[in-house]
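Visitor: One structure, pasted below without further comment.
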Amino acid sequence: MSRAFVSESDADFQEDDVPAIKIPLPPGAKNYMTPEGAEKMRSELSILVKNERPKVSAKLSRTVTESERLDRETMLRDRRRLREIDRRIEYLTEMADIIEVVDPSKQDPQRVLFGAAVTVEDEKGLERIFRIVGVDESDPSEEKISWLSPVAKAMFGAREGEVVGLKLPQSETKLKVLRISYL
């Protein structure tokens with residue numbers, strides 16, 4: 001469509017300025033999650049659908065009807081926030097549709113599998129603990145790593161005492177699995 005036929009308000013706000021959230025899984029993969037992660041995702045989706053979206057939508061409706069008296073920036077900000085909420089709802093719904101909850105307590109305690117808390121030692125003798133979780137649960141600051149991460153992939157199936165090779169983009173290293181536990 002020619003820009004000559006787009007209203008000024010449409011020119012200021014375009015849906016493309018709030019991009020869709022890409023599904024971070026290989027095609028056909030399940031969305032493996034711990035029970036805690038699945039509950040957190042469902043809770044966020046519920047809050048967005050039942051509380052946040054209706055609240056922002058109602059505020060936007062009031063802003064539009066009172067637009068002559070209110071700041072135009074407020075209306076544009078509310079429109080953008082509504083699109084952000086819609087995109088997050090769309091993402092969470094897609095991820096929830098392919099969720100596979102994995103109970104860590106039912107995993108083989110002798111092997112590194114999804115949900116494991118793994119204590120490893122690197123070649124320098126430094127110990128670290130990683131917990132293998134779902135892609136939306138990962139948080140490196142809490143030592144939670146995605147099951148799709150190179151570290152998790154290198155450790156999958158290993159037993160205590162085994163040394164695994166870890167290939168990173170710029171280097172290779174070895175990790176010794178010291179302890180495996182399931183919380």
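The values are calculated or read from the model by the stated rules, or taken from the named source; none is laboratory data. This is a predicted model, so every value here is computed, not measured. Here the Cβ positions follow ideal geometry from the backbone for every residue, glycine too, while neighbour counts run over all protein chains shown.
Visitor: One residue is enough: does segment 126-135 have a residue meeting the conditions surrounded by 12 or more Cβ atoms within 10 Å (Cβ to Cβ) and more than 20 Å from residue 101 (Cα to Cα)?
Guide: Filtering segment 126-135 down to residues surrounded by 12 or more Cβ atoms within 10 Å (Cβ to Cβ) leaves 128-135.
Restricting the remaining residues to those that are more than 20 Å from residue 101 (Cα to Cα) gives 128-129.
Yes; the residues of segment 126-135 include at least one that is surrounded by 12 or more Cβ atoms within 10 Å (Cβ to Cβ) and more than 20 Å from residue 101 (Cα to Cα).
Visitor: Can you find a residue that is under 19 Å from residue 109 (Cα atoms) and either in contact (Cβ under 8 Å) with a residue 60 or more places away in the chain or not assigned by TED's automatic domain parsing to the domain that holds residue 108 (or both) anywhere in segment 157-177?
Guide: Yes, there is a match, as at least one residue in segment 157-177 is under 19 Å from residue 109 (Cα atoms) and either in contact (Cβ under 8 Å) with a residue 60 or more places away in the chain or not assigned by TED's automatic domain parsing to the domain that holds residue 108 (or both).
Visitor: Please indicate, with yes or no, whether at least one residue in segment 75-96 is closer than 27 Å to residue 31 by Cβ, over 22 Å from the mean Cα position of the chain (by Cα) and surrounded by 13 or more Cβ atoms within 10 Å (Cβ to Cβ). Full working, then the answer.
Guide: In the first step, residues of segment 75-96 are kept if they are closer than 27 Å to residue 31 by Cβ; the result is 81-96.
So of that shortlist, the ones also over 22 Å from the mean Cα position of the chain (by Cα) come out as none.
Checked segment 75-96: no residue is closer than 27 Å to residue 31 by Cβ, over 22 Å from the mean Cα position of the chain (by Cα) and surrounded by 13 or more Cβ atoms within 10 Å (Cβ to Cβ).
Visitor: Just checking: which of the strands (runs of 3 or more DSSP E) contained wholly in segment 93-183 hold 2 or more residues that are of a type outside the set (S, T, N, Q) and out of contact with any Phe, Trp or Tyr (no Cβ under 6 Å at 6 or more places or on another chain)?
Guide: Working: elements: 99-101, 116-122, 127-133, 144-146, 163-167, 172-182.
Filter on segment 93-183 gives 99-101, 116-122, 127-133, 163-167, 172-182.
Visitor: Please enumerate the residues belonging to segment 97-121 that are free of Cβ contacts under 8 Å to residues at least 40 places away in the same chain and surrounded by 14 or more Cβ atoms within 10 Å (Cβ to Cβ).
Guide: Passing the criteria: none in range.
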